[in-house]
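Right, one structure below, let's go through it.
The values are calculated or read from the model by the stated rules, or taken from the named source; none is laboratory data. Here the structure is a predicted model, which is why all the values come from computation and not from measurement. In this analysis, Cβ positions are derived from the backbone assuming ideal geometry, glycine residues included, and neighbour counts consider all displayed protein chains.
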Amino acid sequence: MMPGDRPLREPDGPPTSLGRVELQWAAEHVVWAREEEQPSVKNARKPITTREPPVPSGSHAEVEEWMRRRVMPDLQPIVLALDASIRDANPGLRYAIKWKRAYYGLPELGWIIEVVPYDVSVNVVFLGGADFDDPPPLGTTDRSRYIKVTTLEEALGPEMRSWVEQAQRVMGWT
């Protein structure tokens, strides 16, 4: 008998003795009932994310087009400064645009930085940021950490430069 199973009883009486046919029938139906209680494989929980990494490109042209068409005009100087800083600090970068976001990566480390412009700020996501000496302040799940950039001064500041340089020393998203 399985935990939680109740023995077959007559109402207010002792357990009933069953014949061979009744036991066979009960065994088949009890198993069937237990299988129905268990979630099926097709109804199993899916992982929180099924995101696939973007396909890399060696050309920066796709990122330039994205900046020109998708980034709000007020944020373009910030995104241009971040883009230049990331490219200067990390030679041999690969680029991609996916989900309206720019990705910067290195062949041996995967995607290391993600730039996400919104209406009034730009999030710079360091995909291995939890492993930095002094990680960015935002983000507590997985290994990603990010910073919200709202001014050109923040984009060009020494702290941002340090994080961009550290990104090339830790594994990113592969």
Handout entry: Matching entry among I112, I97 (being under 23 Å from E52 (Cβ atoms), touching a residue at least 12 places away in the same chain (Cβ under 8 Å) and in contact with an Asp or Glu (Cβ under 8 Å, 6 or more places away or on another chain))
Key = I97
Practice task
Might you check whether a residue that is crowded, with 23+ Cβ neighbours inside 10 Å, within 19 Å of L156 (Cα to Cα) and at pLDDT 95 or above occurs anywhere in segment 93-102?
Solution key: yes
Exercise for the section: State whether the residues of segment 55-70 include one that is closer than 23 Å to E153 by Cβ, at pLDDT below 95 and not in a helix (DSSP H, G or I). Expected result: no
Problem - Selected residue (only one of I78, I112 is assigned by TED's automatic domain parsing to the domain that holds P135, β-branched (V, I, T) and in a helix (DSSP H, G or I)) - result: I78
Exercise for the section: Quick one: T141 ticks every box in (1) more than 18 Å from the chain's Cα centre (by Cα); (2) in a loop (DSSP other than H, G, I, E, B) except a single one, so which number is it? Expected result: (1)
Practice task
Quickly run through segment 106-142 and pick out the residues that are surrounded by fewer than 17 Cβ atoms within 10 Å (Cβ to Cβ) and over 24 Å from H60 (Cβ atoms).
Solution key: D119, V120, A130, D131, D133, D134, P137, L138, T140, T141, D142
Practice task
Among the residues of segment 115-154, write down those that are within 23 Å of V55 (Cβ to Cβ), without any contact (Cβ under 8 Å) to a residue 24 or more places away in the chain and touching a Ser or Thr at 6+ places or on another chain (Cβ under 9 Å).
Solution key: V125
Handout entry: Number of the condition not met by Q168 [criteria: (1) under 20 Å from M67 (Cβ atoms); (2) buried (at least 20 other Cβ atoms within 10 Å of the Cβ)]
Key = (1)
